[in-house]
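K.L.:
What follows is a single structure, and I will ask about it in a moment.
The values are calculated or read from the model by the stated rules, or taken from the named source; none is laboratory data. On a predicted model such as this, the values are computed, not experimentally measured, just so you know. Here the Cβ is made from the backbone with ideal geometry for all residues, glycine too, and neighbour counts use every protein chain on show.
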Amino acid sequence: MDKESHYALVSQHLQNFTAKYQRQLLEYSNSYRTIFERPPSDYPEQLRPLLENLQEQYQRQTWRDCLEAIEERIDKCSAAIIPITSDQYPALLKQTVGAPPLLYVRGNIENLHLPQIAIVGSRRMTRGGETNAFEWSKFLSNGGFVITSGLAQGVDGIAHSGALAAMGKTIGVMGTGIDTIYPRAHRRLADNIIDQGGTLVTEFDPGAPPLPTHFPKRNRIISGLSLGVLVVEAALRSGSLITARCALEQNREVFAIPGSIHNPQSRGCHQIIKQGAQLVERAEDIIQELQGPLAGLAVLPEQPMATEQTASDGDKDLLADELKLLSVLGFEPVDMDSLTIDGLFSVAELSRLLVSLELKGLVENNSGFYQRLS
């Protein structure tokens, strides 16, 4: 474990060092390491008592036994720790209020940086809800999106399964420790997610049980990772509505599939539609609505919008990197692994560009194989 991850992990087990205080100190230090290695005199006077207390706690090492137990557990399940100060921490989640100070991750970390759509819904889904969750997940996965959900029974599990059936990537956000699969019936599903290049993620320490208070906290991560949230079915009292509210607070797009007024599992969807969620009848509606947020995600801070390098192709403005990708993409189907061989783009960059070009009608995705259309 590197020093930054070590100090970040220690920070979660010190007295009175709340997430709020961590955010305040990180505004000055930009890393957990400097919090513990930099003298308090280098900080504003009002922060010095806190820093002195934290460094004293660190020296007492009352955290050692707890950390050793955590390290043993994460090693056993091949998990990684990503502090909020790391470049590996997902950028969209980092922008949200109350983002977790650190994440435990199993599987492909790169997925956290790819365009995601969250699909959530009732644990007691109807047959129609099951069909929608599976088929919409497959369609959106084939469209190049990572499917994110909560690994729960019902709609969540079916959404994960739909992405896997499309040979796509899916992320399971857990309300337990990274080594504790809940519900137990989803152990095989969790294994399949990892085996197919997906990801499991949680903010809770290894071994953490499925406490009722964990799941509302988990829901803000589901929405925070994603460009948008689709609610397939939900009763009026539903964790899915918590996820939808989190998404609205995080300025994410929220979509809901309407249903019969006589179906209790549709009433939650109807309620959030009244509150501003977009009613959708086709999966294509979601892709069209996400063109704007996706374009914003594709323009990274270190990669400004192109000016003189921007060209027009069929009256569609293209960024310089989109033009570069089109120049190397042929008319024969090719998978993403083959496109990354030349090293022009990272997997995350490539995924964003391919989805953007697909939305512009210039590239076709057929079960993970891409080809140029014009």
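K.L.:
I'd like to verify a number: residues in the stretch 111-139 that are crowded, with 23+ Cβ neighbours inside 10 Å and of a type outside the set (Val, Ile, Thr), how many?
P.N.:
We begin by selecting, within the stretch 111-139, every residue crowded, with 23+ Cβ neighbours inside 10 Å; these are 111-112, 114-122, 129, 132-133, 136-137.
Applying the additional criterion that residues be of a type outside the set (Val, Ile, Thr) yields 111-112, 114-116, 118, 121-122, 129, 132-133, 136-137.
The total comes to 13.
K.L.:
While we're looking at this one, here's another question. Test ILE193 against the stated conditions and say whether it is outside the structural domain of ASP335 (by TED's automatic domain parsing), surrounded by 20 or more Cβ atoms within 10 Å (Cβ to Cβ) and more than 23 Å from GLN291 (Cα to Cα).
P.N.:
In short, yes.
K.L.:
For the stretch 186-221, give me the residue count where each residue is more than 18 Å from LEU164 (Cβ to Cβ) and of a type outside the set (Asp, Glu).
P.N.:
Number satisfying all stated conditions: 18.
K.L.:
For residues that are more than 35 Å from the chain's Cα centre (by Cα) and loosely packed, with under 12 Cβ neighbours inside 10 Å, scanning just the stretch 28-43, find the one that is nearest to SER86 (Cα to Cα).
P.N.:
Among residues in the stretch 28-43 that are more than 35 Å from the chain's Cα centre (by Cα) and loosely packed, with under 12 Cβ neighbours inside 10 Å, the one nearest to SER86 (Cα to Cα) is PRO39.
K.L.:
Now, a different point. Need at least 3 residues that are in contact (Cβ under 8 Å) with a residue 60 or more places away in the chain and out of contact with any Gly (no Cβ under 9 Å at 6 or more places or on another chain) per element, so show me which helices (runs of 4 or more DSSP H) inside the stretch 1-102 make the cut, counting only ones lying wholly within it.
P.N.:
Of the helices (runs of 4 or more DSSP H) lying wholly inside the stretch 1-102, those with at least 3 residues that are in contact (Cβ under 8 Å) with a residue 60 or more places away in the chain and out of contact with any Gly (no Cβ under 9 Å at 6 or more places or on another chain) span 3-11, 64-76.
K.L.:
Oh, and also: Mind checking which helices (runs of 4 or more DSSP H) fall wholly inside the stretch 278-352 and carry at least 2 residues that are hydrophobic (A, V, I, L, M, F, W, C) and at pLDDT below 70?
P.N.:
Numbers: elements: 283-289, 291-298, 320-328, 336-340.
Those helices (runs of 4 or more DSSP H) span 291-298.
K.L.:
Return the only residue of ILE221, ILE242 being assigned by TED's automatic domain parsing to the domain that holds ALA118 and either assigned to a loop (DSSP other than H, G, I, E, B) or under 16 Å from LEU103 (Cβ atoms) (or both). Outline the logic, then answer.
P.N.:
Numbers: ILE242 fails: either assigned to a loop (DSSP other than H, G, I, E, B) or under 16 Å from LEU103 (Cβ atoms) (or both).
Within the list ILE221, ILE242, the selection yields ILE221.
K.L.:
Ok, one more. Does ILE147 qualify as being at pLDDT 95 or above, surrounded by fewer than 24 Cβ atoms within 10 Å (Cβ to Cβ) and not in a helix (DSSP H, G or I)? If you could, list the steps in order and put the result at the bottom.
P.N.:
Numbers: at pLDDT 95 or above: yes; surrounded by fewer than 24 Cβ atoms within 10 Å (Cβ to Cβ): no; not in a helix (DSSP H, G or I): yes.
No; evaluated as a whole, the condition is false for this residue.
K.L.:
Could we say that PHE134 is closer than 15 Å to ALA283 by Cβ and at pLDDT below 95 here?
P.N.:
So PHE134 fails the test.
Residue-wise test of (1) in contact (Cβ under 8 Å) with a residue 40 or more places away in the chain; (2) surrounded by fewer than 12 Cβ atoms within 10 Å (Cβ to Cβ).
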| residue | (1), (2) |
| --- | --- |
| GLU332 | no, yes |
| LEU339 | no, no |
| ASP342 | no, yes |
| PHE345 | no, no |
| LEU353 | yes, no |
| GLU358 | yes, no |
| GLU364 | no, no |
| ARG372 | yes, no |
